[in-house]
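The values are calculated or read from the model by the stated rules, or taken from the named source; none is laboratory data. Remember, it's a predicted structure, so these values are computed and weren't measured experimentally. Quick reminder, even Gly has a Cβ in these numbers, built from the backbone with ideal geometry, and neighbours come from all protein chains shown. With ligands, DNA and RNA removed, areas are computed over all heavy atoms of the protein, side chains included. Shrake-Rupley method; radii C 1.70, N 1.55, O 1.52, S 1.80 Å.
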Amino acid sequence: MSPTRVLVLNSGSSSVKYQLLDMRDSSRLAVGLVERIGEQTSRLKHTPAGGESRERGAAIADHDAALKAVAEELAKDGLGLDSPELAAIGHRVVHGGKFFTEPTVIDDAVLAEIERLIPVAPLHNPANLTGIRTAQALRPDLPQVAVFDTAFHTTMPESAARYAIDVKTADEHRIRRYGFHGTSHAYVSRATAELLGKDPSETNVIVLHLGNGASASAVRGGRCVDTSMGLTPLEGLVMGTRSGDMDPAVIFHLMRVGGMSADEIDTLLNKKSGLIGLCGDNDMREIRRRVDEGDEQAELAFDIYIHRLKKYIGAYYAVLGRVDAVAFTAGVGENAAPVRAAALAGLEELGLAVDGERNAVRGEEARLISPEGARVAVAVVPTDEELEIATQTYALVIGSGNHT
Ligand code: AMP
């Protein structure tokens with residue numbers, strides 16, 4: 001019998017998130033997180049399915065030690081990484097550039113290309129590479145698959161993917177709009193079509209992935225035709241700590257008049273802007289609490305957030321021409337009913353509306369929040385990037401007979 005388990009690894013610069021799934025029923029066998037790798041205060045939290053969480057507090061020096069500790073915890077539950085049941089390891093890789101359009105079995109050439117992309121993803125790709133190399137050392141015989149955040153967006157037409165700057169300069173420095181959160185946009189657009197009982201290839205969806213990072217995408221017949229993030233995740237919507245769209249001349253102004261360095265501006269726009277820059281909070285729960293108490297600063301931050309979101313909904317409506325559904329996902333999209341209501345308020349002429357009662361219902365399942373008989377469906381669709389990575393990894397490995 002073919003092996004049925006897939007380990008999903010999401011390696012950050014000082015953290016590793018992992019899930020072990022059984023692909024027979026897409027169930028989680030274990031989930032966990034290693035944080036603060038390389039510090040004295042490292043922490044591993046491991047939760048087996050149906051069991052109690054276990055924590056380790058000892059220092060974990062590097063990714064190699066982290067993955068070995070994860071393997072030990074899994075082994076305690078009879079889920080060791082040496083098991084013949086393990087079919088593959090699926091890695092989240094943030095930047096796959098223009099050429100990785102699909103999940104890819106990792107070999108030396110793939111590793112070299114991910115490395116070549118470091119200049120456009122200096123924070124993420126080195127950490128992803130470390131995770132891959134560590135996992136390869138642990139199970140050299142096992143297929144390792146890279147699932148790229150950018151892949152779903154490689155179907156964007158040039159008219160959406162190119163910035164209107166000098167073509168030679170853009171090509172020399174690989175400057176174009178790549179988009180991110182692609183695994184989530186792929187999963188949610190497909191799940192939305194399924195919720196409507198329609199074939200994804202015949203369904204047009206605007207996906208609003210609203211987490212601490214946030215992005216919108218326009219998906220026509222299962223293929224992305226536009227998305228709000230660009231060369232980096234900084235472009236587009238107002239986010240928890242990122243500014244999203246602004247006049248690029250703000251940067252020259254801050255350099256020339258404000259005397260700030262490129263790195264300082266990078267930190268300002270990525271870490272100290274968006275909701276946190278506007279009102280000091282980036283958690284939508286806290287912002288809503290403050291709004292309810294009449295806090296004007298929080299209210300203005302909320303209004304700016306909604307204004308930008310509404311502009312993208314209108315833009316992607318125009319890009320698609322016909323919209324079957326608008327889907328809200330991720331931390332804010334799945335939980336913040338006031339955000340969903342405000343984003344679509346006044347758009348009835350476009351066939352868009354939110355039913356107050358349906359919007360107020362909380363739940364884990366994909367659900368409709370538009371009124372009965374609405375021209376355009378509005379849905380809340382919980383995202384599941386790990387399941388999508390596992391599904392793509394498994395399909396590639398088992399489909400190709402490339403398993404051990
Ligand atoms: P994510 O990046 O998808 O994990 O989303 C994290 C963000 O979701 C947090 O920063 C909060 O702003 C938001 N969030 C999580 N739970 C809630 C909730 N119950 N109500 C409103 N916002 C929430």
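Some notes on this structure:
- Sorted into 10 angstrom bins from 0, the C-alpha pair distances of the chain split as 5, 21, 30, 28, 14, 2, 0 percent.
- Sequence-separation-based contact order of the chain, relative, with Cα cut under 8 Å and 6+ spacing, percent: 15
- Taking amide H atoms as placed 1.01 Å from N in the peptide plane, the amide H of V145 lies under 5 Å from those of I89, G90, H91, I106, each 5 or more residues away in sequence or on another chain.
- Mean separation of Cα pairs under 8 Å and 6 or more residues apart, divided by the residue count, gives the range 139-295 a relative contact order of 18 percent.
- Accessible area in square angstrom per residue, the chain, 1.4 angstrom probe: 45
- Fraction of accessible area attributable to carbon and sulfur, the range 352-404 (%, probe 1.4 Å): 50
- Normalising the average separation of contacting C-alpha pairs (under 8 angstrom, six or more residues apart) by the number of residues puts the relative contact order of the range 250-327 at 17 percent.
- For the peptides 332-341, 376-385, 167-176, the ranking by mean Cβ contacts within 10 Å, running from highest to lowest, is 376-385, 332-341, 167-176.
- As a fraction of the 1.4 Å probe accessible area of the range 264-345, surface on carbon and sulfur atoms comes out at 51 percent.
- With every protein chain in place, the range 130-217: carbon and sulfur % of accessible area (1.4 Å): 52
- Converting phi to 3J(HN,Hα) with the Karplus coefficients 6.51, -1.76 and 1.60 and the offset θ = phi - 60°, the range 322-337 yields 10, 10, 8, 7, 10, 10, 9, 8, 6, x, 6, x, 7, 10, 9, 4 Hz in sequence order, with x at every glycine or proline.
- Antiparallel content of DSSP bridges confined to the chain, in %, to 5: 65
- Sorting 260-273, 231-244, 144-157, 308-321 by their mean Cβ neighbour count within 10 Å, with the most densely packed peptide first, gives 144-157, 231-244, 308-321, 260-273.
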